[in-house]
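Colleague: One structure is given below, represented as structure tokens, and several questions about it will come after.
What follows draws every value from the coordinates through simple rules; no lab data is involved. Just so we're clear, the structure is a prediction, and the values are computed from it rather than from any experiment. Please note: Cβ atoms are built from the backbone with ideal geometry, for glycine as well, and neighbour counts cover all protein chains shown.
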């Protein structure tokens, strides 16, 4: 039957749905930063609430300010140091290339370049053709100017967007620390209202998986950075500490570390240190990169309490679907799905 209450309830449901859609639309441009802020907050909340806050007498605002400042130091200072070192390296590269631009290339290419297998002869012929004709060299340089300018602009845009997202993360996380007890209580109350004991179990499983993934990512990055730094020092690569920091940051992406140790191997080869170049390539392939393949799944699985298979599928699938934040979302979704499936099949078993 169609009673007078039905239109009123339908209007209420529609209003709530529109409100939810509106909130999602407003937060959608910042959803990645907000989710990452929740990830960092969930991983560091025990340290803040059990160690820092009691020593401050429970003063939330001061505690949140100090914790946010600590995160600024941890996140931003290494990035600023790395950016400064890269800028210094770019200046050295410009100083190195400027004489060749002003005076032209030498008539003969370096011996190691012309001696490359398969391509050495073609490179040698092309070098002589360009070096003997200044106009052709200028035309070749002009072809690279536009792509390099576009690449620089794109890289600058990515860096600016990354800094903006990081600033937003720090802004959001300040309020999460300040009102963390209320947020945590509200999450558990909401989970219990939605699913009872199962809702609380899902929330605990989510937090455990997120902490495990963060432990795996940071632990693996630290291990790769330390091992890479040792390898660079052994091979005599200049700026080993800087390259170790760069390996630490770039290990967050799958092809990051090979860019560093591969570049170091190429530099050694260019310095006619073929033995050390081979060592660096084998060291990077078998030791530095293998840490990501073996250590990360083990650390994540141990921290989150789920199988390595689910972790591997969750991380890879999450990155493909959601981007960087998918590193956390993928394993969480698979862990929750596995927990619900296990609970359902266990309840279906006969007594």
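Colleague: What FRET efficiency do you get for residue 23 and residue 309 if R0 is 35 Å and r is their Cβ-Cβ distance, rounded to the nearest 0.05?
Modeller: 0.45
Colleague: After finding the eigenvalues of the alpha carbon gyration tensor for segment 225-301, what semi-axes result from the square roots of 5 times each, listed largest first in whole Å?
Modeller: 22, 12, 10
Colleague: If you build the convex hull over the alpha carbons only and average its shadow over all orientations, what do you get for segment 174-284? Give it in nm² to one decimal.
Modeller: 9.2 nm²
Colleague: Order of 272, 292, 60 from fewest to most other C-beta atoms within 10 Å?
Modeller: Ranked by crowding around the Cβ, least crowded first: 272, 60, 292.
Colleague: Right, next: Can you list the equivalent-ellipsoid semi-axes of segment 194-351, largest first and in whole Å, using the square root of 5 times each Cα gyration tensor eigenvalue?
Modeller: Result for segment 194-351: semi-axes of 41, 13, 12 Å.
Colleague: Based on other C-beta atoms within 10 Å, arrange 340, 35, 320 from fewest to most.
Modeller: Placing the least packed residue first, the sequence is 320, 340, 35.
Colleague: Quick one: length gained pulling residue 295 to residue 185 fully straight, 0.36 nm per residue minus the C-alpha distance?
Modeller: 36.1 nm
Colleague: So if each residue of separation counts as 0.36 nm, and I subtract the Cα-Cα distance between residue 56 and residue 175, what length gain in nm does that give?
Modeller: Full extension from residue 56 to residue 175 adds 41.1 nm.
Colleague: For 288, 123, what's the fewest-to-most ordering of other Cβ within 10 Å of each Cβ?
Modeller: 123, 288
Colleague: As a test of the definition: which semi-axes, in Å, follow for segment 1-54 when you take the square root of five times each eigenvalue of its alpha carbon gyration tensor? Largest first, please.
Modeller: 41, 17, 7
Colleague: FRET efficiency for residue 204 and residue 125, Cβ-Cβ distance as r, R0 = 45 Å, nearest 0.05?
Modeller: 0.10
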